[in-house]
Structure formats: C-alpha cells, structure tokens
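Below is one structure, written out as structure tokens; the observations come after it.
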Amino acid sequence: MSTLRDPVGPKDRKVYVRRRLIVLLVLLAVVAVVVLIIVRPGSSGGVASAGEVEVPEDLVESPAPDSDDADGAGDGDVAACSAGQFSVTPATDKGDYAAGELPQLSLSVENTGEEPCSADLGSANLQFVIVSGDDEVWRSADCQENAEHLAVILEPGKPLDTEAIPWDRTRSSPETCDISRDPVAAGGASYHLRVTAAGAQGTGTAQFLLY
C-alpha cells in the first residue's frame with residue numbers, strides 16, 4: 001500500500017499530511033519553473049520582437065530624394081524644372097506692422113511652363129532676405145538649422161505658397177545665432193523682402209513698414 005495515502009510512523013497523521021502537501025507544492029513550483037524556461041512567454045506565439053514588427057505601409061514615408069534630386073533632378077517620370085520654367089514671388093501678410101507685430105514672410109512658386117516639373121523646395125533651397133535701402137539686415141540662412149531637401153511637383157498654372165515664417169524684427173548674422181540680437185529701426189521705417197527658391201531669384205520685392 002502506498003505510504004502517500006496511508007502514512008505510518010509514531011507521529012500524528014496530520015503531521016505527515018502537512019509534510020506531503022509541502023513536498024507536492026515544491027514539486028509543482030519546480031515544474032512551473034521548468035515550463036517557463038522551455039516556453040519563454042513572448043518568444044513565439046506572443047508579441048512580436050522589434051525586428052519582426054512591420055510598420056503599416058500608409059505610415060511609411062517616401063524615400064528622401066538623393067543628392068542628385070537635391071540639385072533639381074526630376075522625380076520619377078517628372079522632369080526637373082528648368083531655370084526659366086517657374087517664377088518665385090515674395091509675400092508678407094501685411095503692408096505695415098504696429099509696434100510688437102511680427103511680419104510673416106512667405107513666397108509663392110508657379111510653374112509657368114506647359115508640363116509638370118519637379119523642383120527642390122526644401123528649406124535648404126529657400127532663402128528669405130530683408131533689406132532696407134542698401135542695408136541687408138536679415139537673412140534666413142544665417143542661423144538656419146536642420147536644412148532639408150524636398151522634391152515638389154509643380155503643376156502648370158497652379159501657384160504653390162510656402163508656410164509663413166515670422167521675422168523677429170532683429171538684425172542677423174552667423175555670429176549672432178546664440179546671443180541677443182539688435183532690433184531694427186521702426187517708426188515707419190521701410191523694408192523689402194527678397195526671396196530665392198530652388199536657385200531661382202524671386203521677382204521683385206515685397207515692401208512693408210515697421211512702426
């Protein structure tokens with residue numbers, strides 16, 4: 001007869017039962033540890049590892065243009081815009097600004113040809129310059145960071161406006177990027193915005209007054 005069911009010895013039956021229950025619990029714990037080591041939750045059949053997770057296609061960005069495209073090469077079957085195939089026009093949101101108001105600078109690019117063409121309109125190929133008479137007071141390229149290239153297809157006769165950027169009404173130079181800049185004159189002073197995009201100089205200037 002099995003001693004597990006009918007314990008023998010001088011001690012009370014309850015003592016043997018408790019001891020065997022403890023032994024059984026220890027055995028179960030050992031078995032559980034062995035199972036965890038073999039199965040390893042999360043390894044297979046669970047959450048995929050970082051190398052196996054796939055990003056949905058609609059969240060994957062298109063490859064950035066290579067160095068050739070950055071110089072104005074075409075995008076796929078679309079030819080690169082030639083120098084005289086598009087016009088660039090500077091713009092400000094207002095013609096005069098009260099004290100404390102910041103001018104918002106932008107530009108418009110329009111394909112003046114008859115076929116679509118591709119131009120690099122990333123921040124690396126856009127430049128805003130503010131002048132007052134012969135004094136060039138501010139350049140967007142002076143303290144630009146993380147400049148990017150971006151191939152954009154321009155459809156004929158459909159102007160494309162860039163997002164406006166604010167000018168803080170100060171002078172700029174590469175030496176003043178990390179220090180406080182001097183404010184420009186106001187009180188009705190006249191300024192002109194000049195722009196360049198994809199190597200093409202903007203047509204004319206956008207004049208505005210600062211008060």
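I'd like to check one number: the per residue accessible area of the range 92-189, probe 1.4 Å, reported in Å² as a whole number.
56
Under a 5 Å amide H cut-off, with hydrogens placed 1.01 Å from N, L105 pairs with I165, W167 among residues at least 5 apart or on other chains.
Treating the beta-carbon of each Lys and Arg as +1 and of each Asp and Glu as -1, no other charges, what is the dipole magnitude of the range 142-201 about its Cα centre, to the nearest 20 debye? Don't jump to the answer; show the numbers that get you there.
Numbers: 5 positive and 10 negative charges, 63 e Å.
Dipole size: approximately 300 debye.
Under 5 Å from the amide H of V137 lie the amide H atoms of I130, V131, S132, each residue being 5 or more positions distant or on a separate chain, with H modelled from the backbone and absent for Pro and chain starts. Shown in residue order for the range 122-128 are the 3J(HN,Hα) couplings computed by the Karplus curve 6.51 cos²θ - 1.76 cosθ + 1.60 at θ = phi - 60°: x, 4, 5, 10, 10, 9, 10 Hz (x for Gly and Pro).
Phi angles across the range 132-146 convert, under the Karplus curve 6.51 cos²θ - 1.76 cosθ + 1.60 with θ = phi - 60°, into 3J(HN,Hα) values of 9, x, 8, 8, 8, 8, 8, 9, 5, 7, 4, 10, 6, 10, 6 Hz, Gly and Pro given as x.
Taking all protein chains as they are arranged and a probe of 1.4 Å, the heavy atoms of L150 leave approximately 90 Å² accessible to solvent.
Under 5 Å from the amide H of Q207 lie the amide H atoms of L193, each residue being 5 or more positions distant or on a separate chain, with H modelled from the backbone and absent for Pro and chain starts.
Report the gain in length on full extension from H192 to T176: 0.36 nm times residue separation, minus Cα-Cα distance, nm rounded to one decimal. It would help to have the intermediate numbers written out before the result.
On the way: separation 16, 0.36 × 16 = 5.76 nm, distance 2.15 nm.
Full extension from H192 to T176 adds 3.6 nm.
Within the range 85-143, what whole-number % of the accessible surface is contributed by carbon and sulfur, with the 1.4 Å probe and all protein chains included in the calculation? Let's see the in-between values first.
Working: 1040 of 2420 Å².
Of the solvent-accessible surface of the range 85-143, carbon and sulfur hold 43 percent.
The values are calculated or read from the model by the stated rules, or taken from the named source; none is laboratory data. What you see is a predicted model; the values in this text were computed from it and never measured. Cβ atoms come from the backbone with ideal geometry, glycine included; neighbour counts cover every protein chain shown. SASA here: full protein model, heavy atoms, side chains in, ligands and nucleic acids out. Shrake-Rupley method; radii C 1.70, N 1.55, O 1.52, S 1.80 Å.
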